[in-house]
Amino acid sequence: MLKKMKGKLETKRKIIRVDGRLREIITVFDNKGKILQKIINPVMIEFYPRDIVQVIVGATLLAIPVAFTEETWKLGESLPFFNIFLLFILSLCFISSFVYYNYYRKKFKNNWKEYVKRVVSTYLISFIVVTSILVIIDKAPWFTNWSLALNRSIIVTFPASMSAAIADTVK
């Protein structure tokens with residue numbers, strides 16, 4: 001699969017697995033077919049255990065300061081569930097957009113399952129981190145008032161999930 005670039009240069013792209021990780025090899029040819037340059041880039045479409053750790057750390061970065069604020073606790077009490085639901089949808093939209101443009105923009109068609117896995121995992125891991133923090137500080141009463149606990153968890157997961165997605169890009 002050769003593509004014309006500027007002038008008479010052509011490129012060939014190939015994805016291979018090296019040491020268990022996907023890599024893209026871009027070979028640049030001149031007009032006579034001679035190799036001018038080979039570029040090897042990591043292909044970040046698979047969700048590895050290292051990514052889970054990065055998501056946990058990223059979620060914790062914003063979950064801690066937000067979870068410890070009284071404003072967040074009061075928002076969980078006063079905000080209607082529809083607004084909480086909109087925050088949940090907005091979180092998923094932000095994560096989806098960020099992940100798409102950073103990992104899957106040119107590789108979505110063949111990797112949409114990995115995309116969904118990364119988006120859902122990022123949100124769920126962030127939610128678990130937030131819920132754990134809120135339970136530890138006794139602000140998520142899951143057994144006595146589960147709707148309040150859910151509201152607070154979704155509110156704090158909104159910024160935490162975005163910082164988790166950003167931290168996942170650090171390689």
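The values are calculated or read from the model by the stated rules, or taken from the named source; none is laboratory data. The structure presented is a predicted model; accordingly, all values stated were derived computationally and were not measured. Every residue, glycine as well, gets a Cβ built from its backbone with ideal geometry; the counts of neighbours run over all protein chains shown.
Quick notes
- On inspection, L148 passes the criterion of being touching a Pro at 6+ places or on another chain (Cβ under 7 Å) and surrounded by fewer than 18 Cβ atoms within 10 Å (Cβ to Cβ).
- Any chance E114 is assigned to a helix (DSSP H, G or I) and exposed (fewer than 12 other Cβ atoms within 10 Å of the Cβ): no
- Just one of the listed residues (A59, A140) is touching a Leu at 6+ places or on another chain (Cβ under 6 Å) and closer than 19 Å to S161 by Cα, and it is A140.
- Condition met for I125 (crowded, with 19+ Cβ neighbours inside 10 Å, among the aliphatic types (A, V, I, L, M) and in a helix (DSSP H, G or I)): yes
- Some residue of the stretch 158-171 being touching a residue at least 40 places away in the same chain (Cβ under 8 Å) and more than 14 Å from the chain's Cα centre (by Cα): no
- Of all residues in the stretch 47-68, one or more are modelled with pLDDT under 80, surrounded by 13 or more Cβ atoms within 10 Å (Cβ to Cβ) and over 19 Å from N151 (Cβ atoms).
- Neighbours by Cβ (under 7 Å, 6+ apart or cross-chain): first from the stretch 78-101, part of a helix (DSSP H, G or I); second modelled with pLDDT under 95 and among the charged types (D, E, K, R): V99/R118
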